[in-house]
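A quick write-up on the structure given underneath.
Derivation of every value follows stated rules applied to the coordinates shown; laboratory data play no part. Values in this document were obtained by computation on a predicted structure and should not be read as measured data. Backbone-built Cβ (ideal geometry, glycine too); neighbour counts: all protein chains shown.
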Amino acid sequence: MGHDISGINKAREEIAYVRFSMGNYNAIILYDLLDAHNYYAGVSGTGKSCTYSKEQMEKAVGTYNQKFGNGTSISEKNWDLKQIRDFIQNCMETAQKEGNVIVYFG
């Protein structure tokens, strides 16, 4: 069990991936940033997906940067924060190009 979360583009290709073990409390940070509490099932995601707009992903990145910084701050020293940052950045870039991005919460 664990949280396997993927970002998917319109061609149904995985453009971002993040994994948290079932006991890793840092998973909730990503769920918070994406306002995705309905997809959080405790030890894993619900197995459902949600489509996020460009604006929603930009908001998630902005909130991340406010809380954790966007450079070589704490996010570079903490693997979970780095993988969260990389995930939302990749999803935002896809949403900017395509208008939206799908996030699968497994």
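Shown for the range 1-98: lysine pairs separated by 8 or more places, or found on different chains, whose C-alpha atoms are under 29 Å apart, numbering 21.
If a spin label sat at a point 7 angstrom from the Cα of ALA41 along the line to its beta carbon, the backbone N atoms of the range 1-15 nearer than 19 Å would be those of 1-8. Shown in residue order for the range 15-29 are the 3J(HN,Hα) couplings computed by the Karplus curve 6.51 cos²θ - 1.76 cosθ + 1.60 at θ = phi - 60°: 10, 7, 8, 9, 9, 10, 5, 4, x, 7, 5, 5, 4, 5, 4 Hz (x for Gly and Pro). A Förster radius of 25 Å combined with the Cβ-Cβ distance from GLN66 to ALA11 puts the calculated FRET efficiency at roughly 0.20. Which label marks the calculated value of Rg and Dmax of the Cα atoms in Å, given the options (1) 12.7, 39; (2) 12.7, 35; (3) 18.2, 52? Matching entry in (1) 12.7, 39; (2) 12.7, 35; (3) 18.2, 52: (2).
In the chain, the sites counted are trypsin sites (Lys or Arg not before Pro) in DSSP loop states with at most 15 other Cβ atoms within 10 Å, and the longest stretch holding none of them, exclusive of the sites, is 13-106.
Can you list the chymotrypsin sites (Phe, Trp or Tyr not before Pro) in the range 2-106 that are in a DSSP coil and have 11 or fewer other beta carbons within 10 angstrom? Can you show the working numbers first?
Details: sites: TYR17, PHE20, TYR25, TYR31, TYR39, TYR40, TYR52, TYR64, PHE68, TRP79, PHE87, TYR104, PHE105; in loops: TYR25.
Here the sparse-neighbourhood loop sites are TYR25.
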